[in-house]
Amino acid sequence: MSRRARLARLATRPVSGLFARISPDDERNIADVLRTEKAGGVLLLVGAVIALFWANSPWSESYETLAHTVVGPAALHLDLSLAHWASDGLLTIFFFVVGLELKREIVAGELRRPSSALLPIVAAIGGMAVPAILYVLVNLNGGDLRGWATPTATDIAFAIAVLAIVGRSLPNSLRAFLLTLAVVDDLLAIIVIAVFYSEAIHLGWLVAALAVVALFGLLTRRRITSVWLLLPLGLLAWGFMHASGVHATIAGVLLGLVVPGAPDDSDEHCMAAHFEHLWRPVSAGFAVPLFALFAAGVALDPDSLVAAAKDPVAQGVVLGLVLGKPIGITLGTWIVSKTTRTPLASGLGWADVLAVGFVAGIGFTVSLLIGSLAFGEGSAAEEHARAAILVASVLAAVLGGAGLAYRDRHHAALRAPSPEDSAGASPAGGS
């Protein structure tokens with residue numbers, strides 16, 4: 001039987017196993033997200049490169065001056081540096097989009113069914129647990145254990161950009177796995193930030209923030225979408241959350257989660273999809289790149305790099321992202337496969353999972369945020385962690401990109417017509 005005939009049989013029969021074929025609606029959603037995240041990844045890279053050049057140029061002092069310029073009303077305790085506004089303010093938009101993604105995944109996506117949700121959840125847990133364990137092991141003797149969560153996050157924009165560049169022939173089910181994995185990863189990172197990296201909690205302000213979030217959800221449930229009403233409520237929820245001691249970005253997540261994630265009788269599109277369509281370009285095209293501009297400006301001179309390389313903090317971050325992520329994700333997937341006795345879908349191999357795991361080691365946006373929360377902005381440990389995140393992300397991108405490129409050629413070859421098919425075909429397309 002020719003290769004084309006074998007592929008035709010595979011295409012017409014139901015696909016079973018892990019990473020089985022996904023629905024056409026999910027494929028369209030994936031395509032939309034890939035387009036936006038690819039562009040966002042490029043802009044994020046531009047912001048990071050500008051920051052690196054600026055911070056290591058003769059004008060580095062102006063970069064530090066700009067980043068530490070304080071603006072905002074002191075009476076409301078909002079007299080923050082521009083770098084602080086970027087991490088607490090602009091990233092709230094990013095986390096709002098994350099909340100919307102989570103809501104859609106829970107209501108109508110891969111997380112709505114326990115059977116399909118099990119794989120990305122377990123893989124994400126493994127992809128966070130193993131890096132954290134490696135970091136702790138490296139820092140047990142004389143290191144700084146506060147940063148244990150720094151190497152646990154995946155930057156979806158960079159990961160998708162790598163996937164889009166070198167993984168054009170990969171099955172959509174593998175792309176869906178990476179996207180869902182990243183969403184679950186973000187959820188776990190949000191929980192970590194809220195539980196381990198929040199300050200002393202002021203219950204009154206927290207209750208006020210939750211009340212505003214509930215009102216926001218009630219209005220969106222009644223399909224009231226006036227920007228003049230919802231935007232002030234969002235800002236109020238952010239301000240109350242900031243005053244409560246819980247990291248302000250959590251307000252963005254909660255606001256996204258209370259938006260309805262299923263369409264009603266009057267509209268085939270859900271409110272979460274509507275808001276995601278509006279705010280994803282703002283997040284990917286403005287908020288996250290500007291955050292990168294203020295967060296990625298780390299000194300890369302030889303003395304600074306040598307100091308970082310000797311610090312267990314940097315060593316733990318690099319090991320966690322470059323090795324911990326692929327090991328944890330592959331191990332989690334293997335556990336699901338063995339416990340459910342479900343093999344990988346036809347045509348997929350463990351090399352595909354491992355390559356995706358390496359790409360998931362690109363930790364940037366949330367890793368930088370957790371590093372600043374763990375060590376304090378401007379501290380030596382935070383500087384070393386930032387340098388380690390940049391180096392590890394580059395290494396993970398190179399290794400993951402090479403692995404995906406290799407697997408992409410494998411999957412492209414499976415789809416290509418065999419020599420016997422080409423020889424048997426007439427120039428006119430028939431006999």
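The values are calculated or read from the model by the stated rules, or taken from the named source; none is laboratory data. Remember, it's a predicted structure, so these values are computed and weren't measured experimentally. Every residue, glycine among them, receives a Cβ derived from its backbone with ideal geometry; neighbour counts consider all protein chains shown.
Screening Leu354, Leu399, Leu373, Leu331 for residues that are at pLDDT below 90, farther than 19 Å from Ser304 by Cβ, of a type in the set (A, V, I, L, M) and part of a helix (DSSP H, G or I) leaves exactly one candidate, Leu373. Without any contact (Cβ under 8 Å) to a residue 40 or more places away in the chain, aliphatic (A, V, I, L, M), closer than 26 Å to Val259 by Cβ and assigned to a helix (DSSP H, G or I): is that true of Leu278 in this structure? Judged against the criteria, Leu278 is a match.
Within this structure, Gly252 passes the test of being touching a residue at least 40 places away in the same chain (Cβ under 8 Å), in a helix (DSSP H, G or I) and either within 26 Å of the chain's Cα centre (by Cα) or over 17 Å from Leu210 (Cβ atoms) (or both). Of all the listed residues (Thr225, Thr152), the sole one being closer than 26 Å to Arg386 by Cβ, of a type in the set (S, T, N, Q), touching a residue at least 40 places away in the same chain (Cβ under 8 Å) and in contact with a helix residue (DSSP H, G or I) (Cβ under 8 Å, 6 or more places away or on another chain) is Thr152.
Out of Leu134, Leu170, one residue alone is buried (at least 21 other Cβ atoms within 10 Å of the Cβ) and assigned to a helix (DSSP H, G or I). It is Leu134. For segment 299-307, the criterion of a residue being surrounded by fewer than 17 Cβ atoms within 10 Å (Cβ to Cβ), at pLDDT 85 or above and over 24 Å from the mean Cα position of the chain (by Cα) is satisfied by at least one position.
Against the test of being surrounded by 24 or more Cβ atoms within 10 Å (Cβ to Cβ) and within 19 Å of Glu383 (Cα to Cα), the options Ala272, Ala295 yield a single qualifying residue, Ala295.
Please specify each residue of segment 378-396 satisfying the condition of being part of a helix (DSSP H, G or I) and among the small types (Gly, Ala, Ser).
Ala380, Ala381, Ala385, Ala387, Ala388, Ala392, Ser393, Ala396
Looking across Val184, Val162, Val122, one residue alone is at pLDDT 80 or above, touching a Pro at 6+ places or on another chain (Cβ under 8 Å) and either under 20 Å from Ala39 (Cα atoms) or not in a loop (DSSP other than H, G, I, E, B) (or both). It is Val184. Any residue in segment 282-303 that is under 29 Å from Leu140 (Cβ atoms), touching a residue at least 12 places away in the same chain (Cβ under 8 Å) and among the polar types (S, T, N, Q)? Scanning segment 282-303, I find no residue that is under 29 Å from Leu140 (Cβ atoms), touching a residue at least 12 places away in the same chain (Cβ under 8 Å) and among the polar types (S, T, N, Q), so the answer is no.
So is Ile191 without any contact (Cβ under 8 Å) to a residue 12 or more places away in the chain and either surrounded by fewer than 16 Cβ atoms within 10 Å (Cβ to Cβ) or not in a loop (DSSP other than H, G, I, E, B) (or both) or not? Spelling it out, Ile191 is indeed without any contact (Cβ under 8 Å) to a residue 12 or more places away in the chain and either surrounded by fewer than 16 Cβ atoms within 10 Å (Cβ to Cβ) or not in a loop (DSSP other than H, G, I, E, B) (or both). Only residues that are hydrophobic (A, V, I, L, M, F, W, C) and farther than 17 Å from Arg104 by Cα were counted in segment 157-189, giving 13.
Please determine whether any residue of segment 144-158 is surrounded by fewer than 17 Cβ atoms within 10 Å (Cβ to Cβ), outside any helix (DSSP H, G or I) and polar (S, T, N, Q). So far as segment 144-158 goes, no, none of its residues is surrounded by fewer than 17 Cβ atoms within 10 Å (Cβ to Cβ), outside any helix (DSSP H, G or I) and polar (S, T, N, Q).
The condition (being surrounded by 15 or more Cβ atoms within 10 Å (Cβ to Cβ), under 30 Å from Glu382 (Cα atoms) and in contact (Cβ under 8 Å) with a residue 24 or more places away in the chain) is satisfied by just one residue among Gly239, Gly261: Gly239.
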